[in-house]
1. Give the range 51-79 a look and list any residue that's aliphatic (A, V, I, L, M), in a loop (DSSP other than H, G, I, E, B) and within 24 Å of E112 (Cα to Cα), or say none.
2. Across the range 3-38, which residue is nearest to A80 (Cα to Cα) among those that are of a type in the set (F, W, Y) and in a loop (DSSP other than H, G, I, E, B)?
3. Considering K123, K115, K86, K73, which residue is modelled with pLDDT under 95 and of a type in the set (K, R)?
4. Among the candidates I51, I11, I63, which residue alone is of a type in the set (A, V, I, L, M), at pLDDT 95 or above, surrounded by fewer than 22 Cβ atoms within 10 Å (Cβ to Cβ) and under 20 Å from H177 (Cβ atoms)?
5. Does A5 fit the bill of being of a type outside the set (S, T, Y) and without any contact (Cβ under 8 Å) to a residue 60 or more places away in the chain?
6. Pull up the range 200-216, narrow it to residues that are farther than 21 Å from A5 by Cβ and surrounded by 18 or more Cβ atoms within 10 Å (Cβ to Cβ), then point me to the one that is nearest to the chain's Cα centre (by Cα).
7. Looking at (1) under 30 Å from N133 (Cα atoms); (2) outside any helix (DSSP H, G or I), can you tell me which one I84 breaks?
8. Please go through the range 78-120 and pick out each residue that is small (G, A, S) and under 17 Å from Y142 (Cβ atoms).
Amino acid sequence: MTSIAYGTYNIDKTDLHKYVLDAIKIGYRKFDTAQLYKNQTELGIAIKDAIKQSDLKREDFFIQSKIHNKFQKAGTTKDAIDMIIKEIGFDYIDCIILHSPIKGKYIDAYGELIKSQKEGKVKHIGVSNFRKNELKKLMETYPDNIPYINQIELSILYQRNELFQFCKKHKIEIEAHSIFSRGKYFEISEEDNKEKASLINCAIEFQLTVPELMIAWIINKNIPFVITTTNKMHLFQNFNLAHLNKIQEFKHVDLFENIVYPKFKDK
């Protein structure tokens, strides 16, 4: 899997076409969307236009979408999959995942994903925001169809080591979203929080900004991640940081192994 995906969350569909074309020109090939984002059609059109304007082919791209939670009920998940494929406008989707685990519904919904994969509509299937117990129930129900991916919030300040190791053991690819901890880092005072002070000192040591350090940590853990920006310079910087071994020695240092923010049990 490509290490960095361009995320389309909270990007207005009227502006998405430009940002996607900019991302493709920079080198992005993986794109993450969802029914919830209401911009799947625009994403598909932008990728088609990029293909028309270049030597790129459909198979050069990895398109991933998420099923809206309201479609996790009997008889609706299959329709949601068909809607995603129709809106994006290609014959198949590289990966479709359940957006969140809805209690009492996600097991059957995942079963519909398996059927669509067998029909060739979807190459890979997975989940998002699933914790360990929810993954266990899926694996017990469908032992021959382990999720390809679990997209979760994960960052240098929210490491979720227990869940990460569980997924690694069972060969479930972790993909990180909200790698800047949804801005929580910027809401805490350096004077009141030793972790933030340590993070700043570490960034200074490696001659990076704190956001760059957060990306570097993800990269050096070999964790694929989704990142969203409408700033072209940030788009460029993030992509190039993701594809350069800028800090070789960083790989050998677990700088924040014991930091978990916010504190949360992944049971």
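1. The answer is A74, and nothing else.
2. Y9
3. So the residue among K123, K115, K86, K73 that is modelled with pLDDT under 95 and of a type in the set (K, R) is K73.
4. I11
5. The answer is no for A5.
6. Result: L208.
7. (2)
8. Correct list: G104, A109, G111, S116.
The values are calculated or read from the model by the stated rules, or taken from the named source; none is laboratory data. What you see is a predicted model; the values in this text were computed from it and never measured. Ideal geometry is used to build each Cβ from the backbone, glycine not excepted, and the neighbour counts take in all protein chains shown.
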